[in-house]
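Q: Got a structure for you, questions after.
The values are calculated or read from the model by the stated rules, or taken from the named source; none is laboratory data. Source: prediction; values computed, not measured. A quick note on method: Cβ atoms are made from the backbone with ideal geometry, for glycine too, and the neighbour counts reach across all protein chains shown. The protein model used for the area step is the full one, side chains on, heavy atoms only, and it has no ligands, DNA or RNA in it. Shrake-Rupley method; radii C 1.70, N 1.55, O 1.52, S 1.80 Å.
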Amino acid sequence: MKQEKAVVVFSGGQDSTTCLFWALKQFQEVEAVTFDYNQRHRLEIEVAASIANELGVPHTVLDMSLLNQLAPNALTRSSIAIEQKEGELPSTFVDGRNLLFLSFAAVLAKQKGARHLVTGVCETDFSGYPDCRDIFIKSLNVTLNLAMDYQFVIHTPLMWLNKAQTWKLADELGALDFVRTKTLTCYNGLIADGCGECPACQLRKRGLEQYMAEKGAMNE
Ligand code: ZN
């Protein structure tokens with residue numbers, strides 16, 4: 001039997017779209033929440049809204065422009081280049097982003113009578129973001145439960161998957177083509193296979209190639 005209701009933190013990218021399909025399989029009722037922090041690519045929010053609409057998932061966009069004010073960053077300022085210097089976090093990192101997003105998602109979820117939160121954070125293709133770590137998610141889960149006196153369960157279906165395995169999961173959920181053609185991961189704001197050049201596209205492409213090669217080998 002499917003369990004209860006879930007809210008998926010949803011950006012319209014490969015990972016969170018895969019999580020949305022995962023949640024639709026697991027839960028009776030699913031809603032999605034997208035954060036508007038004046039991201040460099042406004043298209044991200046449109047893509048998220050259109051995917052949610054296509055899947056019949058109620059969708060809330062929450063204004064988090066405060067985050068932009070606090071943390072000027074390559075994802076929000078086109079004047080800042082997307083880069084990663086040796087031994088440093090990439091310039092796409094925003095301090096506290098997942099902490100804030102998940103906390104606001106939890107407030108929304110409680111209002112909507114949902115106990116389950118789903119997020120696509122992942123430690124495997126880890127860029128060093130501290131708030132993508134499993135230990136952080138577990139700690140936040142306890143904090144949220146205490147903060148709101150409510151039994152949240154944070155689900156991280158991608159936590160231990162690499163990009164190839166995330167593609168495999170999408171395929172198992174019958175969503176490989178959907179995720180491939182409708183999601184936006186590219187830092188340069190191009191849907192589907194993207195620009196092919198930025199770090200996000202390269203990661204996505206390598207994972208897809210690896211998964212397709214494995215799948216091909218299995219079918220031979
Ligand atoms: Zn790209």
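Q: Would you check which residues across region 97-153 are over 30 Å from Ala164 (Cα atoms), without any contact (Cβ under 8 Å) to a residue 60 or more places away in the chain and in a helix (DSSP H, G or I) and list them?
A: Once the filter is applied, which keeps residues that are over 30 Å from Ala164 (Cα atoms), without any contact (Cβ under 8 Å) to a residue 60 or more places away in the chain and in a helix (DSSP H, G or I), region 97-153 yields Val107, Lys110, Gln111, Val142, Thr143, Leu144, Asn145, Leu146, Ala147, Met148.
Q: From (1) more than 24 Å from Thr34 (Cα to Cα); (2) more than 19 Å from the chain's Cα centre (by Cα); (3) within 13 Å of the ligand (Cβ to nearest atom), pick out the condition that doesn't hold for Ala213.
A: (3)
Q: Also: Can you go through Leu158, Leu146 and tell me which one is open to solvent by 30 Å² or more (accessible area, probe 1.4 Å) and at pLDDT 95 or above?
A: Exactly one of Leu158, Leu146 is open to solvent by 30 Å² or more (accessible area, probe 1.4 Å) and at pLDDT 95 or above, namely Leu146.
Q: For region 103-115, does any single residue satisfy the condition of being buried (at least 19 other Cβ atoms within 10 Å of the Cβ), within 16 Å of the chain's Cα centre (by Cα) and of a type in the set (Ser, Thr, Tyr)?
A: no
Q: Now for a separate question. If we keep just the residues of region 161-194 that are part of a loop (DSSP other than H, G, I, E, B) and in contact with a Leu (Cβ under 6 Å, 6 or more places away or on another chain), which is most open to solvent (accessible area, probe 1.4 Å)?
A: The qualifying residue most open to solvent (accessible area, probe 1.4 Å) is Ile191.
Q: Follow-up question, since we're still on this one. Scan region 178-194 residue by residue and report those that are of a type outside the set (Val, Ile, Thr) and near the ligand (Cβ under 10 Å from one of its atoms). So that I can check it myself, show each step before the final result.
A: If we filter region 178-194 for residues that are of a type outside the set (Val, Ile, Thr), which is where we start, we get 178, 180, 182, 184, 186-190, 192-194.
Correct list: Leu184, Cys186, Tyr187, Asn188, Gly189, Leu190, Asp193, Gly194.
Q: Name the pairs whose Cβ atoms lie under 7 Å apart, with the first residue in region 7-33 and open to solvent by 10 Å² or more (accessible area, probe 1.4 Å), the second among the acidic types (Asp, Glu) and not in a helix (DSSP H, G or I), and 6 or more positions between them or separate chains?
A: Qualifying pairs under 7 Å: Gln28/Glu4.
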